[in-house]
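What follows is a single structure, written as structure tokens, with notes after it.
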2 protein chains.
Amino acid sequence: MPTPSPAPSPALSSGSRPGGRSARVRAAVHRAVEELVADEGGDALTIPVVAARAGVHATTVYRRWGSVGELLADVTTSRFTGDIVVPDTGSLRGDLERYAADLAKDLGDPDTLALVRATIGTGGEQGAAACRGERQRQLEAILEREQARDGEPPTLERTTDAVLAPLYYRAVFTDLPLTPEWTRSLVSRLLGD
Amino acid sequence: MPTPSPAPSPALSSGSRPGGRSARVRAAVHRAVEELVADEGGDALTIPVVAARAGVHATTVYRRWGSVGELLADVTTSRFTGDIVVPDTGSLRGDLERYAADLAKDLGDPDTLALVRATIGTGGEQGAAACRGERQRQLEAILEREQARDGEPPTLERTTDAVLAPLYYRAVFTDLPLTPEWTRSLVSRLLGD
DNA sequence: CCACAAACGCAGCGATCACTGCGATTTAAA
DNA sequence: TTTAAATCGCAGTGATCGCTGCGTTTGTGG
């Protein structure tokens, strides 16, 4: 979605080079969205405001992203797919605890949480997918690695319900803190003590 | 927040009577919000649009609710606290299965889901509380009833993580269906087969 | 029955929004 | 280097939004 133009390849090739203008504009707009959502909340997020904050003209944002929903989905997707490493501690329990702790740290950040909430509200189904990001696939990778160790990991569905879902629910719908003890207990309840 | 006026008692007394004008306006606005969110999505939801759909002047909506966020929180709160009965089937498993099935039916409705998403996006912490509604307290009531039967129910936290969280997560963040089989399996995994 | 207060409808204000031709600039390819 | 395409900045337009005095209607208590 970053560039829904008829020919996305040139945009990608220009964006792939870190110093290009297109990439610089994109980064500035992304940063502006994150800052605005963190400060003002998702309500006051409009294209002209974002453009002004990013030092870019509103026309550019309108043409590249089209709407606030697509813009938020793009920002959230970048945030949830970029600098994430699938942990490899040697054991399934260790991997899952590390994975859950990383996710808890992300969702516990008020700025990230505000971004997720805003994306859910305006992005619809597409926004929801952006909030999931690569988390599901990473979980799948962890379970497959355990299977390669000749272990018997739980199913992906069960792991999602036991670990991923409580983390997202508690972060988004409640004001309870995502403590390390509670996060670890999710893994324990799944794998047994 | 339905009536943040300095003296809410007269509004309530007039609103408590089902035929009062205040109550009629309130119902019309609520219905307009639900219809608009279901049709257009949460983005196009503005006070003038809601007022026009409800056959009410925008001034009234601005004065009674103030902002789209508070309006959405009010509508969602009504939706999630109104016609809900705590099941009493005689056993903890039966109660939980009934409870989970009811919640799955609610969250599975696309209109309700759109309302929840929009409320999360614009309502912030207050919107999140509105989406939870009375669900948490109802769950507490079920567990306390089991304790009165001299049973040993799981803790509220554990039940929330095992039943409530997966339902909300799957509904809001994924496009997977909330099937009765899967819903029942949540209770089974909590209580043991 | 009458007076008081609350809620609603009406008209209009400034501000902002979403969007669009046009020219300048940068980038990629020949 | 030259040429073509894509991106960005600029200025402006119609529409809508959020909000506010003022008069009218509705509901309540004396």
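Bear in mind these aren't lab numbers, they're just calculated from the coordinates by the rules spelled out. Remember, it's a predicted structure, so these values are computed and weren't measured experimentally. As a convention, Cβ positions derive from the backbone with ideal geometry for all residues, glycine included, and neighbour counts pool all protein chains shown.
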>> Can you give me the C-alpha center-to-center distance between the range B:144-185 and the range A:25-95, rounded to a whole angstrom?
In response: 33 Å
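Looking only at other chains, what is the average number of their beta-carbon atoms within 10 angstrom of each beta-carbon in B:120-127?
Average per residue, whole number: 6.
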> Out of B:163, B:29, B:49, any idea which swings most in a Gaussian network model of chain B, alpha carbons joined below 10 Å?
Replying inline: B:49
>> Over chain A, what is the relative contact order in percent, taking alpha-carbon pairs closer than 8 angstrom and at least six residues apart?
In response: 21 percent
>> Only sites in a loop by DSSP and with at most 13 other Cβ atoms within 10 Å count here; which chymotrypsin sites (Phe, Trp or Tyr not before Pro) in the range B:44-96 make the cut?
In response: none
> Measuring from a point 7 Å out along Cα→Cβ, what nm distances, shortest first, does residue A:111 have to its partners in the other copies?
Replying inline: 4.0
> Any idea what angle helix B:21-40 forms with the longest principal axis of chain B, computed on alpha-carbon atoms, 0 to 90 degrees, nearest 10?
Replying inline: 70 degrees
> Over all distinct Cα pairs, what is the inverse of the mean 1/r for the range B:68-150, reported as the Kirkwood hydrodynamic radius in Å?
Replying inline: 13.5 Å
>> 7 Å along Cα→Cβ for the label point: how many nanometres lie between residue B:140 and each equivalent label in the other copies, listed shortest first?
In response: 4.0
>> Quick check: the angle from helix B:110-132's long axis to the longest principal axis of chain B, C-alpha only, nearest 10 degrees?
In response: 80 degrees
> Spin-label point model (7 Å from Cα, Cβ direction): what's the residue B:59 to residue B:43 distance in nm?
Replying inline: 3.3 nm
> When only DSSP loop residues count, what GluC sites (Glu not before Pro) in the range A:114-193 have their Cβ near at most 15 other Cβ atoms within 10 Å?
Replying inline: A:134
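With the cut-off at 16 Å, report for the range A:121-190 the share of all Cα pairs above it, as a whole percent.
That tail contains 58 percent of the Cα-Cα pairs.
Please identify every one of the trypsin sites (Lys or Arg not before Pro) in the range B:122-179 that sits in a loop by DSSP and has no more than 13 other beta carbons within 10 Å of its own beta carbon.
Passing sites in the range B:122-179 are B:149.
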> Near the axis that takes chain B to chain A, which B residue has its beta carbon closest, and at how many Å?
Replying inline: B:121, 1
> So what are the three principal axis dimensions of the protein assembly as shown from its Cα atoms, in whole Å, longest to shortest?
Replying inline: 69, 69, 33
> With the Cα gyration tensor of the range B:102-144 giving a ≥ b ≥ c as the square roots of its eigenvalues, does the rule (a/c under 1.5 for rounded; else a/b larger than b/c for prolate; else oblate) give rounded, prolate or oblate?
Replying inline: oblate
> What's the angle, to the nearest 10 degrees (0 to 90), between helix B:180-191's Cα axis and the longest principal axis of chain B?
Replying inline: 60 degrees
>> With only alpha-carbon pairs counted, each pair once and no self-pairs, how large is the Kirkwood hydrodynamic radius of chain B in angstroms?
In response: 18.1 Å
> Which of B:183, B:159, B:46 moves most in a GNM of chain B, Cα contacts under 10 Å?
Replying inline: B:46
> For the range A:120-193, what's the relative contact order in percent, using C-alpha pairs closer than 8 Å and at least 6 residues apart?
Replying inline: 21 percent
> Using only Cα atoms, what Kirkwood radius does the range A:31-93 have, in angstroms?
Replying inline: 13.3 Å
> In peptide B:154-160, how many Cβ atoms from other protein chains are near each Cβ within 10 Å, on average?
Replying inline: 2
